[in-house]
């Protein structure tokens, strides 16, 4: 018995995809998939510049990134197969900018891995980046700017689309040491190597079975305390040093195993709401002091650095 297949049936049987051909005589089309989002930006007290390339690479000056990942604008384009096209943007947004108002310029577009050319199916994915300028005194909160118009030119025809510039501006973190420095109090010179723990409450204890009598009474310890302020309800993380040194007249003491009461998921800055308000949190820092046998007597002082970042 003879069996015949039509070409359409053969394509279906082989699982070949149907080809969506583009009419070469039709004008180009453009569909926005995603706005240009600068993410969360920590604004300082001088002009801030945030350039985001079409490939999503950020370059910052005078500002820093908070939580979230910046994202380029994304468009799906359609036009004649293998045809080249051009993309035009305004010089700046808003037009006629004023130095005290945020503005954006330097818009750039790219097709990942290719020149600005439609593929064999007449399609292309366009990614757009730009540069955001934030003058001193810029208000906090959601970025509010006019939409940006994109013009797509191909083979004497054009199409237009708009996209938004998004972002959230927050105040920087401020840190102030309060209540005096971290203090291990007075310790008698031990006859063997000793470790003294200073916990987050300022309570001292001798580790490794050492005698508590080494801790001179009436010279109680004090943990380091820091008032951290910043954007309300944001979380901050802390970076502690691996070690620090205290220097005295005849020697050096090492401090190791720094610890804080910041949770693994970050400390919430709680408190005020609104553009003029700040959130606050008290952070305590403890550590372990290494005292060698026969350590020379005297007063020992030093410094340590803690770094707070938005999480």
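Every number here is computed from the coordinates shown, using simple stated rules; none is lab data. What you are looking at is a predicted structure, and each value in this text was computed from that prediction instead of being measured. Neighbour counts run over all protein chains shown; Cβ positions are idealised from the backbone, glycine included.
Determine, at each q value in 0.07, 0.10 (inverse angstroms), the log₁₀ of I(q)/I(0) that the Debye formula gives when each Cα of the chain is one equal point scatterer. Rounded to two decimals, the profile gives -0.52, -0.75. On the beta carbon distance between residue 195 and residue 278, with R0 = 51 Å, the FRET formula returns roughly 0.85.
What number, in percent, do you get for the relative contact order of the stretch 174-310 if the mean sequence gap of Cα pairs under 8 Å and at least 6 apart is divided by its residue count?
Working: 333 pairs, mean separation 45.1, N = 137.
Reported relative contact order: 33 percent.
Describe numerically, in nm with one decimal, the distance between label points set 7 Å from Cα along Cα→Cβ at residue 243 and at residue 158. Here the answer is 6.7 nm between the modelled labels. At a temperature of 25 °C and a viscosity of 0.890 mPa s, determine how fast the stretch 21-170 diffuses translationally according to Stokes-Einstein, using the Kirkwood radius over alpha-carbon pairs as Rh; express D in µm²/s, rounded to the nearest whole number. The calculation lands on 153 µm²/s. For residue 183 and residue 233, the difference between the fully extended length at 0.36 nm per residue and the C-alpha to C-alpha distance is 14.9 nm.
Secondary structure note: in the chain, about 95% of the DSSP beta bridges are antiparallel. In the stretch 174-310, the C-alpha radius of gyration followed by the widest Cα-Cα span (Dmax) gives 17.1, 58 angstrom.
Calculated mean residue ellipticity, 222 nm, the chain: -500 deg cm²/dmol, from DSSP H runs (n ≥ 4) at -39500 (n - 2.57) each, averaged per residue and rounded to 500. Have a look at 233, 176, 149 and tell me which one the Gaussian network model of the chain (Cα, springs below 10 Å) gives the largest fluctuation. Largest GNM mean-square fluctuation: 176.
Taking only C-alpha pairs under 8 Å that are 6+ residues apart, what is the relative contact order of the chain in percent? Can you show the working numbers first?
On the way: 775 pairs, mean separation 50.6, N = 311.
Relative contact order, the chain: 16 percent.
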